[in-house]
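The values are calculated or read from the model by the stated rules, or taken from the named source; none is laboratory data. Please read all numbers here as calculations on a predicted model, not as lab measurements. Backbone-built Cβ (ideal geometry, glycine too); neighbour counts: all protein chains shown. Accessible surface areas use protein heavy atoms only, side chains included; no ligands, DNA or RNA. Shrake-Rupley method; radii C 1.70, N 1.55, O 1.52, S 1.80 Å.
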Amino acid sequence: MDPLKQQFYEKSQALAKEVKGLLKAHGDKKVDDVALDQLYGGMRDITSMIWEPSLLDAEEGIRFRGYSIPELREKLPRAPNGQEPLPEGLFWLMLVGDIPTQEQVKWLTEDWVRRANVPEHVFRAIDALPVETHPMTKFSVGIMAMQNTSVFAQHYTMGMKKSEYWDATYEDTMNLIARLPRLAAYIFRRLYHQGEQVLPDISLDWGGNFAHMLGFEDEGFREYMRLFLTIHADHEGGNGSAHTTHLVGSMLSDPYLSLSAGMNALSGPLHGLANQEVLRWILKMVDTLGTSKPSREQIADYVKSTLASGQVIPGYGHAVLRKPDPRFIAQRQFAEANTPDSDLVQIVWKIFDVVPPILSSLGKVKNPWPNVDAHSGSILLHYGLKEYNYYTVIFGVSRALGVLAAQCWSRALGMPLERPKSVTTAWVKEHLVKEYGVVAAH
Ligand code: AMX
């Protein structure tokens, strides 16, 4: 058994035993109450699922196995001469709960190199789509096209025992993550570089090689890619991409089917597509105002006109967070150190000064602060990645780390299929009369 798999096996067996005991002793204890407005309000804040890799605090932001983003930037292994964490290290941490050593991360990088071959038919499946098809659609199709290689699906057909689900899921997870940068880079080069592909450089780490295959050799860009792929990897279990992957996986759909579904959720503008929408919105503002150095007053007027036309300000607000997103702050720190003179970066900082008070003044926005998507486009553009329709694919490559680590845990803990209860409005009205003696308002 490989060293990561061995550790995962031991830790997950131990936790599965502990959970069994917890449920036996306390299975009937209440963990939450549900109010009617949560039923109509997107199930916000209802504690209803288990997600091992990370936990979100509304004020403090995300912690991965207890570590905050600043702590990860300090403690996770880095590339030689690098300053930013290697995403391989975060995957190790999410899967087994310990910060890996440099040696362990090196082994993981090399293992993913060994598993990275994308079958030829996957490229042909992408080629069959109209070239202008959105990159996220191609990414999802590419993941689906690899499903015929699923170890989980093959072993299930051969009569795999329940106690072996975790093992097949682990193998699919490792193969899928290893292949994603090549698939994603193929999509980029086909769309924006007339299909001229850059072959992998197996001496590089997972994120560095992804940057290389996209066609970027700048060490600054590689470092940003490592940071990007680390901080976008997971945001507990209830967000659209994580929850979708979890739900589909709970039907024992294999990791390829589940991740592809999760990527379709990430493609929504209220979720990962905000990554592209932020830059599209900023570039439109620059174009409309006729300057790449707008004043705060000009930006404020533009923000108000966007709101007046009934649109949201992309990159601002969050369903759970109530403070500036630490993932935004990490990117701001990266930009301060590496790209402070970029006009676009300067605009992002001015937007940060201007937008929160305007959103707060609306009186309905629960979180007026920037989220993860508010900063990335300006840094990617600085390094020359200007094709913003592609940005969400990079988010997707990163998100696979968290949602697939979680799927390994779900199979190891023997989680059943997810099937919450739904009710009709007629049921709600009857319930109000029966339980509270009140008649529904008209
Ligand atoms: N601009 C304008 N209005 C906003 C807003 C924003 N950035 N964020 C929230 N609002 C509005 C909502 O549209 C809603 O208006 P309504 O009552 O008229 O429908 C009201 O404020 C209350 O919403 P909320 O409870 O604060 O937010 P939510 O939990 O319903 O939605 C989110 C959260 C992220 C979808 C929302 O803030 C938004 O649309 N933001 C812009 C898109 C974005 O950046 N998405 C990326 C999120 C991070 C990610 O997943 N990658």
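If you go through the range 22-42 one residue at a time, how many are without any contact (Cβ under 8 Å) to a residue 40 or more places away in the chain, within 16 Å of the ligand (Cβ to nearest atom), of a type outside the set (Asp, Glu) and open to solvent by 60 Å² or more (accessible area, probe 1.4 Å)?
1
When GLY377, GLY317 are checked against the criterion of being within 15 Å of the ligand (Cβ to nearest atom) and either under 24 Å from GLU74 (Cβ atoms) or crowded, with 23+ Cβ neighbours inside 10 Å (or both), a single residue qualifies: GLY377. Contact map, the range 362-388: first residue of a type in the set (Ser, Thr, Tyr), second residue at pLDDT 95 or above and within 8 Å of the ligand (Cβ to nearest atom), Cβ cut-off under 7 Å, separation 6 or more or different chains; the map is empty. Scanning the range 150-164 for residues that are in contact with a Pro (Cβ under 8 Å, 6 or more places away or on another chain) and either among the charged types (D, E, K, R) or in a helix (DSSP H, G or I) (or both) yields one hit, PHE152. Residues that are closer than 17 Å to ALA178 by Cα and over 20 Å from the mean Cα position of the chain (by Cα) within the range 206-250 comprise HIS212, MET213, listed in sequence order. Among the residues of this structure, LEU56 does not count as one that is touching a residue at least 24 places away in the same chain (Cβ under 8 Å), of a type outside the set (Ser, Thr, Tyr), in contact with a Ser or Thr (Cβ under 9 Å, 6 or more places away or on another chain) and surrounded by 16 or more Cβ atoms within 10 Å (Cβ to Cβ).
Of all residues in the range 297-314, those being away from the ligand (no atom under 12 Å from the Cβ) and in contact (Cβ under 8 Å) with a residue 40 or more places away in the chain number 2. Taking the range 268-291 as the range and being away from the ligand (no atom under 16 Å from the Cβ) and closer than 12 Å to ILE347 by Cα as the test, the residues that pass are LEU283, VAL286, THR291.
For the range 329-366, filtering for residues that are within 10 Å of the ligand (Cβ to nearest atom) and over 13 Å from ARG296 (Cβ atoms) leaves 6.
Is there a residue in the range 106-115 that is open to solvent by 10 Å² or more (accessible area, probe 1.4 Å) and not in a helix (DSSP H, G or I)? Checked the range 106-115: at least one residue is open to solvent by 10 Å² or more (accessible area, probe 1.4 Å) and not in a helix (DSSP H, G or I). Every condition in (1) open to solvent by 20 Å² or more (accessible area, probe 1.4 Å); (2) over 25 Å from SER203 (Cα atoms); (3) among the β-branched types (Val, Ile, Thr) holds for THR101 except the one numbered (2). Condition check for PRO294 on (1) away from the ligand (no atom under 13 Å from the Cβ); (2) part of a loop (DSSP other than H, G, I, E, B); (3) open to solvent by 60 Å² or more (accessible area, probe 1.4 Å): one failure, at (3). Of the residues making up the range 408-424, none is open to solvent by less than 10 Å² (accessible area, probe 1.4 Å) and in contact with a Pro (Cβ under 7 Å, 6 or more places away or on another chain).
Here the range 320-339 is the region considered, the condition is being open to solvent by less than 70 Å² (accessible area, probe 1.4 Å) and aliphatic (A, V, I, L, M), and the residue that is nearest to PRO368 (Cα to Cα) is LEU321. Filtering the range 380-403 to residues that are basic (Lys, Arg) and open to solvent by 10 Å² or more (accessible area, probe 1.4 Å) leaves only LYS386.
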